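Just below is one structure, and these are the notes that go with it.
Quick note: the coordinates plus some simple rules give every number you see, no bench work behind them. Bear in mind that the values here come from a model prediction, so they are computed numbers and not experimental data. Glycine also receives a Cβ, built like all others from the backbone with ideal geometry; neighbour counts cover every protein chain displayed.
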């Protein structure tokens, strides 16, 4: 994630929030699992593989959704790919 983006737990709402200047995003549980794996070192392919293993799903089944999620967050300048 870029330096201006932070993840914080909101104990009042009991949910994780993604904070960027003047904006707050509330990812769902699956989105949060994807974001937790975005450490700047793990490839998209490895993220998909880990999620497939954790949720007992085929990589082909989830890859399109994971890529679309990551692209949407990148379009909103919340993720950066190298």
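Miscellaneous remarks
- Helix 44-54 vs. the chain, principal-axis angle (Cα, 0 to 90°, nearest 10): 80 degrees
- Structural descriptor for the chain: relative contact order 26 percent, calculated from alpha carbon pairs under 8 angstrom and at least 6 residues apart.
- The chain: calculated mean residue ellipticity at 222 nm from DSSP helix runs of at least 4, using -39500 (n - 2.57): -13500 deg cm²/dmol
- Within the range 31-57: backbone nitrogen closer than 15 Å to the residue 64 label point (7 Å, Cα to C-beta): none
- Folded to 0 to 90 degrees: helix 59-75 orientation relative to the chain principal axis, Cα: 30 degrees
- Calculated P(r) of the chain - Cα pairs past 15 Å, %: 57 percent
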